[in-house]
Amino acid sequence: MRVVVADDAVLIREGLVRLLEEFGCEVVEAVGTGEDLVEAVVAHRPDVSVVDVRMPPTFTDEGLRAAVEAREKVAGAPVLILSQYVEVSYADDLLADARGAVGYLLKDRVVDVEEFMDGLRRVAAGGTVFDPQVVAQLMVRRRRDDPLVSLTPREREVLELMAEGRSNPAIARRLVVTEGAVEKHIRGIFTKLGLHADDGDQHRRVLAVLAYLRS
């Protein structure tokens, strides 16, 4: 994978570069500002960008805003937000185009490097990976016209785990059910959300997760 890294903290930035290179990634550029992130994405068209939320000059949400801008300039450019903070306003904007290829993980909750790399690959491939705490914050903003109102409690559980980037076998283990049961619930989710088979299973999975996160 060709990766852009954006983090203002030089030790974290260089640490990420070394980690990614150890796993066979090519870090095409490592930057410390949102403006430089946008320029790097436009110049390199990376497979995925790893982006911190708070960067100069105000250290509030520059990283997220830059990620949104980068995806506007390079349509659907894959972005994995990696931060200590949950900032839901621009996270909503990241989800708004319904293209997928987005993720949001919290630095202090990443305890397994292999899982992090798996999440990065999922985002690069057009999928979604969200930390449960980020999902919870997004759910607080749920609209009254909830498109998920027809889902059963179990289907909601399955969809929440899908939003965390878990595979069908992982969902089955978490819920202590068979993979067949998980597949049945997912088919039910697709049907109730009006996602048709000709969209392809992976694309429907992404659209279902995006509907959940934006609801």
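The values are calculated or read from the model by the stated rules, or taken from the named source; none is laboratory data. Computed from a predicted model, the values in this text were never measured in an experiment. Positions of Cβ are generated from backbone atoms using ideal geometry, with glycine treated the same way; all protein chains shown enter the neighbour counts. Quick note on the areas: whole protein, heavy atoms, side chains included, nothing else; ligands and nucleic acids left out. Shrake-Rupley method; radii C 1.70, N 1.55, O 1.52, S 1.80 Å.
Worth a mention:
- Secondary-structure-derived ellipticity at 222 nm for the chain, considering helices only, amounts to -15500 deg cm²/dmol, per-run term -39500 (n - 2.57) for DSSP H runs with n ≥ 4.
- Taking a straight line from the alpha carbon of residue 184, these lysines sit under 21 Å away, with near neighbours fewer than eight places off in the same chain left out: 192.
- Coarse-grained scattering of the chain at q = 0.10, 0.15, 0.16, 0.18 Å⁻¹, given as base-10 log I(q)/I(0) from a Debye sum over alpha-carbon atoms: -0.42, -0.93, -1.04, -1.27
- The label-point distance for residue 88 and residue 179, in a model that sets each label 7 Å from Cα toward Cβ, rounds to 3.5 nm.
- Semi-axis lengths, Å, the range 143-194, gyration tensor of Cα atoms, sqrt of 5 times eigenvalues: 20, 11, 9
- Solvent accessible area, Å² - residue 167, 1.4 Å probe, full protein context: 40
- Largest first, the residues 184, 107, 73, 192 sort by 1.4 Å accessible area into 184, 73, 192, 107.
- With the whole protein complex present, residue 8 retains an accessible surface near 60 Å², based on a 1.4 Å probe.
- Once the C-beta distance of residue 125 and residue 18 is scaled by a Förster radius of 22 Å, the resulting FRET efficiency is 0.40 to the nearest 0.05.
- Label zone of residue 26 (point 7 Å out along Cα→Cβ, amide N under 16 Å): in the range 47-73 this covers 47-49.
- For the range 22-96, the Rg and Dmax computed from alpha carbons only, in angstrom: 11.7, 34
- Averaged over residues, the count of other Cβ atoms within 10 Å places the peptides 152-158, 18-24 in the sequence 152-158, 18-24, highest first.
- Annotation: residue 203 carries an accessible surface of approximately 90 Å², with a 1.4 Å probe and no ligand, DNA or RNA atoms counted.
- Once the Cα-Cα distance is subtracted from the 0.36 nm per residue extended length, the residue 109 to residue 75 segment shows a gain of 9.3 nm.
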